[in-house]
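For reference, the structure is listed below as structure tokens.
Taken together, the values in this text are just the output of simple stated rules run on the coordinates, not laboratory data. These numbers come from a predicted model, not from an experiment. Positions of Cβ are generated from backbone atoms using ideal geometry, with glycine treated the same way; all protein chains shown enter the neighbour counts.
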Amino acid sequence: MAGRLEVITGCMFSGKSEELIRRIDRANIAGQDTIILKPHFDDRYSKDAVVTHYGRKFQANLLEVNREGISTLQEIVGQGVLERSDLVAFDEGNFFSEKLIGLVRGLIHEDKRVIVAGLDLTFAGEPFHPMPELMARADRLDKLHAVCTKCGKEATRTQRLIDGKPAPADDDVIRVGGLGDYEARCRECWEMG
């Protein structure tokens, strides 16, 4: 099997983790060995699982941000497991450092199917790195949409809320949260804080 990169992106509540889990599920049904990774600090719903906002979950390994590398993966899952794996999946790719790009390229070079799911834009409407670089290198790119919580149209933006109001644009880019902290919004309803 030749290595390839699939990227699943979009705003919050668009079903990125659901789609990631669906693809992992299909690979497991096909008898493929899979490894699932998520950022070490993402503990919204579970410390050791990828969990959708609607409660579906899949066991995952924690990968420390800024330590994204083949040797780190070997430490986490074991060299034999990594060698046997057909699919390596990353949830919340936007939370990882730029080192994820090199790791993904290395895995593809080792003929792995790699899937990265993550936000394409920050809450301030800026590209959420390293996702744009991964999107540009993808063999398959799927941009998912949510439903705008304000008007019901197709949502492409993530609105961060603080006390019910849009967060200021200079707020920290990375802040783990879910329902109540963020809303999906269309371009017209999204507000710069």
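The table below lists the values:
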item: Greater than 28 Å apart at Cα, pairs in LYS16/LYS150; LYS57/LYS165; LYS38/LYS153; LYS112/LYS153; result: LYS57/LYS165; LYS38/LYS153; LYS112/LYS153
item: Beta bridge orientation in the chain: antiparallel %, DSSP, nearest 5; result: 35
item: Rel. contact order, % - alpha carbon contacts under 8 angstrom, at least six apart, the range 4-145; result: 38
item: Added length on full extension, which subtracts the Cα-Cα distance from 0.36 nm per residue, GLU98 to PHE41; result: 18.8 nm
item: Modelled FRET efficiency - R0 30 Å, LYS153 with ILE174, Cβ distances, 0.05 increments; result: 0.65
item: Estimated 222 nm signal from helices in the chain, with DSSP H stretches of n ≥ 4 weighted -39500 (n - 2.57), rounded to 500; result: -7000 deg cm²/dmol
item: Disulfide-incompatible cysteines by the Cβ rule (no partner under 4.7 Å) in the chain; result: CYS11, CYS151, CYS189
item: At R0 = 25 Å, FRET efficiency that the Cβ-Cβ distance of ASP181 and VAL65 yields, to 0.05; result: 0.80
item: Reduced Cα scattering model of the range 4-145, Debye log10 I(q)/I(0), q = 0.15, 0.17 Å⁻¹; result: -0.67, -0.88
item: Peptides 136-143, 21-28 ordered by average Cβ neighbours within 10 Å, highest first; result: 21-28, 136-143
item: Charge dipole (debye, nearest 20) of the chain; +1 at Cβ of Lys and Arg, -1 at Cβ of Asp and Glu; result: 480
item: For the range 86-130, the spread of Cα positions along each principal axis, largest first, Å; result: 36, 15, 11
item: Packing-based ranking, highest mean first, of 122-130, 163-171 given that Cβ atoms within 10 Å are counted; result: 122-130, 163-171
item: Furthest towards positive pole of dipole, ILE29, ILE101, PHE13, structure part the range 4-145, Cβ charges; result: ILE29
